[in-house]
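Chemist: Quick one: the structure is below, questions incoming.
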Amino acid sequence: MATSKPTMPKGMLDDGFEYTLGPPSSGFSIFLASRTKKVHFIRHAEGYHNVATSETGSNECLLRGNIPAKEHPLYDSRLTSVGIHQAQQLKEILAHRPSGGRSFTAFDLVVVSPLTRTCETARHIFGRARTPGSPAFLDPGQAPDGTPEHQAGIPVPAPRILIREECRERW
């Protein structure tokens, strides 16, 4: 079954994402290029708290008054079905977005807050996490379906997923 290439959101078109070394005068070298890291920031997909603020027209529904934060009904909102679809769409876009000499974007490390919506977003975009402590070369991961790397059987390790309290938005 042939799959069509996903349409990239307007903000991602012609953003110069494909990595290139440039001319020698640019100061880049193959030595440095192999050690260069890219950092991507992805906000969580739509959660029920987003729907509530959209419906009420303000963030007032997120205020908790005198009740403990954990008792607020929107404290740890899950993704809506729209949010799950948004995350799956981004996964498909990244599977066809060239980066680092590959025909798709791969990730080594994903850092998320411990909120349910951020963990759900990461799971839908990046799939399973690499086993903690397992080096990349031992991971049996696969490249996205339909890519030349997948057809050639080139292994692509799953990313490490690190959940950090410091990433949590405070409200």
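Values quoted throughout were computed directly from the atomic coordinates according to the rules given, and no laboratory measurement underlies them. Everything quoted here is computed from the prediction, not taken from an experiment.
Chemist: Would you mind checking which residues have amide H under 5 Å from Arg160's amide H? H placed 1.01 Å from N; only 5 or more apart, or other chain.
Modeler: Leu109, Val110, Arg130
Chemist: Counting only residues 5 or more places away or on other chains, whose amide H sits under 5 Å from the amide H of Gly47 once H atoms are built in the peptide plane?
Modeler: Here Thr80 satisfy the definition.
Chemist: Quick query: amide H of Gln142 versus all other amide H atoms, modeled in the peptide plane; which residues come in under 5 Å with a sequence gap of 5 or more or a different chain?
Modeler: Val156
Chemist: Still on this structure: Quick one: 3J(HN,Hα) in Hz for region 148-162, Karplus 6.51/-1.76/1.60 with θ = phi - 60°, rounded, Gly and Pro as x.
Modeler: Going residue by residue, I get x, 5, 5, 5, 7, x, 6, x, 10, x, 5, x, 6, 10, 10 Hz, with x marking Gly and Pro.
Chemist: Provide the gained length on full extension for the span Phe41 to Ala136, in nm with one decimal, where the gain is 0.36 nm per separating residue minus the Cα-Cα distance. Could you put the intermediate results ahead of the total?
Modeler: Numbers: separation 95, 0.36 × 95 = 34.20 nm, distance 2.21 nm.
So the chain would gain 32.0 nm between Phe41 and Ala136.
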